[in-house]
Amino acid sequence: MKTNPGRFFEDYRIGEVIIHAVPRTVSGGERAMYHALYPARGALYSSDEFARASGLPAAPMDDLVAFHVVFGKTVPDISLNAVANLGYAEGRWLAPVWPGDTLRSESTVIGLKENSNGKSGNVYVRTKGINQHGQVVLEYVRWVMVRKNRMDAPAPEAVVPDLQKVVPAADLVIPKGLDFTAYDFSLAGEPHRWGDYAVGEKIDHVDGVTVEEAEHMVATRLWQNTAKVHFDATFREDGKRLIYGGHVISMARALSFNGLANAQMIVALNAGAHANPCHSGDTIKAWSEVLDRAETTAPGVGAIRLRLVAVKQGAEPFALKGADGKYLPEVLLDLDYWALMPM
Amino acid sequence: MKTNPGRFFEDYRIGEVIIHAVPRTVSGGERAMYHALYPARGALYSSDEFARASGLPAAPMDDLVAFHVVFGKTVPDISLNAVANLGYAEGRWLAPVWPGDTLRSESTVIGLKENSNGKSGNVYVRTKGINQHGQVVLEYVRWVMVRKNRMDAPAPEAVVPDLQKVVPAADLVIPKGLDFTAYDFSLAGEPHRWGDYAVGEKIDHVDGVTVEEAEHMVATRLWQNTAKVHFDATFREDGKRLIYGGHVISMARALSFNGLANAQMIVALNAGAHANPCHSGDTIKAWSEVLDRAETTAPGVGAIRLRLVAVKQGAEPFALKGADGKYLPEVLLDLDYWALMPM
Amino acid sequence: MKTNPGRFFEDYRIGEVIIHAVPRTVSGGERAMYHALYPARGALYSSDEFARASGLPAAPMDDLVAFHVVFGKTVPDISLNAVANLGYAEGRWLAPVWPGDTLRSESTVIGLKENSNGKSGNVYVRTKGINQHGQVVLEYVRWVMVRKNRMDAPAPEAVVPDLQKVVPAADLVIPKGLDFTAYDFSLAGEPHRWGDYAVGEKIDHVDGVTVEEAEHMVATRLWQNTAKVHFDATFREDGKRLIYGGHVISMARALSFNGLANAQMIVALNAGAHANPCHSGDTIKAWSEVLDRAETTAPGVGAIRLRLVAVKQGAEPFALKGADGKYLPEVLLDLDYWALMPM
């Protein structure tokens, strides 16, 4: 059998390092595709001149381009036989990715816990994205529920990693040279600065995008994510293709420009849940809540911790969870991240 | 309220200069996207070698890429609350845009006239696209009908700018170095030169393209045009997304290659009307009429003034207006422009 | 009549050389589009670093990007009035195409044979793709059945070229410098090397992609292929757009990564048949058969001859032909090619 059957729960070992295929060189082509797939308008990622005025040598690749490229490579080894993508933690962007950079990914298995039914288990991996200089540009922890193949395989000793609920502000890595003291709010699109956002404030981002099959497949392939459920309408009984959760992340993040235009760079992913599946024809909208604020050592640069919630048509304003504590059916995504903003 | 409500009629002042967000660096990525979205085949924009043989340092970005990038930035400030896009005038391409250039846009309010119903008014703006050297690469006048928000806001003094019906041939700006004396008609795709076109001649461009939701949204986002009507199927009662008028312009212009392959560069936009809305599933076709011809000072380069009409399925040959002087329902676009052609 | 009516059977002459419009400069933009349209994951085309470790200066453009760019240019001159695309032979990739290269195409008429019904005939052309240095990067023979326009045009003397059934292994051109002795199988995605494949072995590539109108039109335009049947839903009575056969080739080749990840570069096209039409909504899957193997003079580089078959939903495993010797209705493509693989 030459094709990849994917790994099953019993195939993972604590401490194992998995080298993921396939390395990828990114260019202005990937940037243009990203800006065509999502209404991304962050000035720092849109304009070399704006980036230079902010102390960077040029506009880096969008923060989520880095995430998707690194994540996509892990799919054949981590989530091909996954039942569910359970969570993210301790995600940090450690260095900008530039056009021309080549990224590869590797993951270390840091946790394993078989479910009581004996048919599946949770796998925790810490994934690193590494550029051509050997520099880690991004790291995050993800855990997924993976099916067992041999039901009689013995349960491994349960190891559940102790993960930070939130990346501490002191651990955020600010891109070298970043300086927002000469920030041009007119060119950036909104006047609101770090100090204008209060903890607990909620923002309805107003705009919506109805998503299409062609778009999410183009996006998902761009990141070389090969999971069958996103591409093959004959794979599921209902004939529906499931939209890659990262497509919803990028769509919601781009929609949040309207109200958070100056939340320029994502530097940490504290947590994330794909609350409900998204399908072609759904209209994605988004709202945010300010969870925290922190100063940084970079000139004029503040950090803001945000909850980003993606919802679909029919959602009430600021919809999140029901009385039972479960996500409402119209909620697609609940993401907790740190971004950098001019003070 | 942190999101952008857009401007209403009473928010504009004569002489006011509006700096539009977000600056944009363009690359070979945007070019590839443009050529994948439209059947664009103009040799000057397709081949660095052809451009060099025509006296340019390399292939510039397509003329309409420059237009869309500049136009898209104006939407959040000019047309978010527009009822109708009424017209264009005095458009001129002043310098080529090259891969790597960063464009920003600014608009000056040059006209205001409240409608007699007191509920809306016409806003006239002159928009400039400016590159990273501070050079104006494109300018045009656009006027839109915009809703009032406060019905009791007093009507401003009516100012209606005196606009040229047609950009005079003497005012056309020819890209520096352009020389068509060694023009290769075989590589360009057609043998017809400037002298082969007679004023009054009409050309049916024959080919048609049935348009899809995914395509027009990808295109519209690429230009960072954020108007809700293009993206959100829940926004209108009929559940239909309206296709950005610029998508129709680019589609018709690209289709006009078949019969006008040598009308290489658009250098002026004299007038334009989006006659009827276009929706996904419509099949766009195009025809052109030669309106005028003029010589230029550049070697081997003639100017040709063309009417470009986009129609949809069901249109009669050369359909334009009915006996009542109104556009026929199958007519989508009526555009009047100057292009450069080998003599 | 200024538009291109295309050529009819009686318009071709043996020995005639046709210069095709429009030359095209390719960049990282075309590469990103290609990787977004197809689940292409070949490491050599995905990563500059992987290509350098394989002795090349950087990642070349995908082999099939070169094919599509060269092929697309021939459509207005060769197949606009074609009834059927009958076959390919003697295809060879002679030099890599790099970002920044400009390609043009020319074809020589090498065969003509009128059909006995007097209404059409077969045209054989040898097409060359040529870069800006005048170097031939790709050549192949294609033959198509073309309609006659004037039924009374005399039949030309029948000339049917003597074509090789298979490009001999000794005639394969290996890119200068290619060296697989330090090949990294982990980064490439699979452990299987040249010696692991046996002649006669069949591989079901498992994955499937349901194709959409927007995707195949974007792809087909990217190659400046203008055939009406791909774009205009009003052109055919059934309202269906026909998917460009090259879209199926690229989709199947990309799907074959799963099982043939190390079949890195296509260097020859021995034969090919578009067995049945493909439409939007079809789910494309693929299987391969190992037809032959050969050593090469390049260090660590073996050649493998593969049959690549694309099928659609409903196909039995390894479906190809029925008892009558005809392709089964679910078979879309039967392609015979040579690829290079690490030994």
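The values are calculated or read from the model by the stated rules, or taken from the named source; none is laboratory data. Everything quoted here is computed from the prediction, not taken from an experiment. A quick note on method: Cβ atoms are made from the backbone with ideal geometry, for glycine too, and the neighbour counts reach across all protein chains shown. What goes into the accessible areas is simple: the full protein's heavy atoms, side chains included, and nothing from ligands, DNA or RNA. Shrake-Rupley method; radii C 1.70, N 1.55, O 1.52, S 1.80 Å.
C:R241: within 14 Å of chain A (Cβ to nearest Cβ) and among the charged types (D, E, K, R), yes or no?
Values: within 14 Å of chain A (Cβ to nearest Cβ): yes; among the charged types (D, E, K, R): yes.
Criteria met by C:R241.
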**Item:** Output for the range C:224-266, where each listed residue is without any contact (Cβ under 8 Å) to a residue 24 or more places away in the chain and either more than 27 Å from C:G129 (Cα to Cα) or part of a loop (DSSP other than H, G, I, E, B) (or both)
**Value:** C:F231, C:D232, C:A233, C:T234, C:F235, C:R236, C:E237, C:D238, C:G239
**Complete:** Flagged in the range C:270-315 as within 14 Å of another protein chain (Cβ to nearest Cβ) and not in a strand (DSSP E or B), in numbering order, are C:H279, C:S280, C:G281, C:D282, C:K312, C:Q313, C:G314, C:A315
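Could we say that A:G15 is at positive phi, at pLDDT 95 or above and more than 12 Å from chain B (Cβ to nearest Cβ) here? Please lay out each step first, then the result.
Numbers: at positive phi: yes; at pLDDT 95 or above: yes; more than 12 Å from chain B (Cβ to nearest Cβ): yes.
Yes; evaluated as a whole, the condition is true for this residue.
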**Message:** Six or more apart or on different chains, Cβ atoms under 6 Å: show the pairs whose first residue is in the range A:299-326 and under 19 Å from A:G91 (Cβ atoms) and whose second is open to solvent by 40 Å² or more (accessible area, probe 1.4 Å) and assigned to a strand (DSSP E or B).
**Reply:** A:I304/A:R293; A:R305/A:L291; A:R305/A:D292; A:R307/A:L291
**Request:** Please specify each residue of the range C:99-118 satisfying the condition of being closer than 13 Å to C:P156 by Cα and among the hydrophobic types (A, V, I, L, M, F, W, C).
**Result:** C:V109, C:I110, C:L112
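Any chance you could count how many residues in the range A:129-159 are more than 26 Å from A:G72 (Cβ to Cβ) and open to solvent by 40 Å² or more (accessible area, probe 1.4 Å)? Full working, then the answer.
Kept after step one, since they are more than 26 Å from A:G72 (Cβ to Cβ), are these residues of the range A:129-159: A:150-159.
Okay, now just the ones that are also open to solvent by 40 Å² or more (accessible area, probe 1.4 Å), so A:150-152, A:154-159.
Number satisfying all stated conditions: 9.
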**Complete:** B:A286 meets each of (1) at pLDDT 95 or above; (2) in contact with a Phe, Trp or Tyr (Cβ under 7 Å, 6 or more places away or on another chain) with one exception, condition (2)
**Message:** Only one of C:S256, C:S288 is under 24 Å from C:D184 (Cα atoms), out of contact with any helix residue (DSSP H, G or I) (no Cβ under 8 Å at 6 or more places or on another chain), open to solvent by less than 10 Å² (accessible area, probe 1.4 Å) and not β-branched (V, I, T). Can you tell me which?
**Reply:** C:S256
**Prompt:** Name the pairs: first residue in the range B:207-223 and part of a helix (DSSP H, G or I), second residue among the basic types (K, R), Cβ to Cβ under 8 Å, at least 6 apart or on different chains?
**Reply:** B:E213/B:R241; B:H216/B:R241; B:M217/B:R241
**Message:** Being in a strand (DSSP E or B) and open to solvent by less than 50 Å² (accessible area, probe 1.4 Å) is the filter here; which residues of the range A:316-343 pass it?
**Reply:** A:V331, A:L332, A:L333, A:D334, A:L335, A:D336, A:Y337, A:W338, A:A339, A:L340, A:M341, A:P342
**the range C:197-224, subset under 17 Å from the mean Cα position of the chain (by Cα) and more than 11 Å from chain A (Cβ to nearest Cβ), residue nearest to C:G245 (Cα to Cα)** = C:T220
**Asked** Can you tell me which of A:R236, A:R221 is basic (K, R) and buried (at least 23 other Cβ atoms within 10 Å of the Cβ)?
**Response** A:R221
**Asked** Tally time: how many residues in the range C:291-315 are of a type outside the set (G, A, S) and open to solvent by less than 20 Å² (accessible area, probe 1.4 Å)?
**Response** 6
**Message:** Looking only at the range B:226-238, how many residues end up being closer than 18 Å to B:R104 by Cα and more than 9 Å from chain A (Cβ to nearest Cβ)?
**Reply:** 0
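What are the residues in the range C:18-32 that are in contact with a strand residue (DSSP E or B) (Cβ under 6 Å, 6 or more places away or on another chain) and either closer than 16 Å to B:P99 by Cα or facing chain A (nearest Cβ under 7 Å) (or both), if any?
The answer is C:R24, C:T25.
Conditions (1) at pLDDT 95 or above; (2) assigned to a loop (DSSP other than H, G, I, E, B); (3) loosely packed, with under 13 Cβ neighbours inside 10 Å, marked per residue:
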{"position": "B:K165", "(1), (2), (3)": "yes, yes, yes"}
{"position": "B:A170", "(1), (2), (3)": "yes, no, yes"}
{"position": "B:P175", "(1), (2), (3)": "yes, yes, no"}
{"position": "B:L178", "(1), (2), (3)": "yes, yes, no"}
{"position": "B:A182", "(1), (2), (3)": "yes, yes, yes"}
{"position": "B:L187", "(1), (2), (3)": "yes, no, no"}
{"position": "B:H192", "(1), (2), (3)": "yes, yes, no"}
{"position": "B:I203", "(1), (2), (3)": "yes, no, no"}
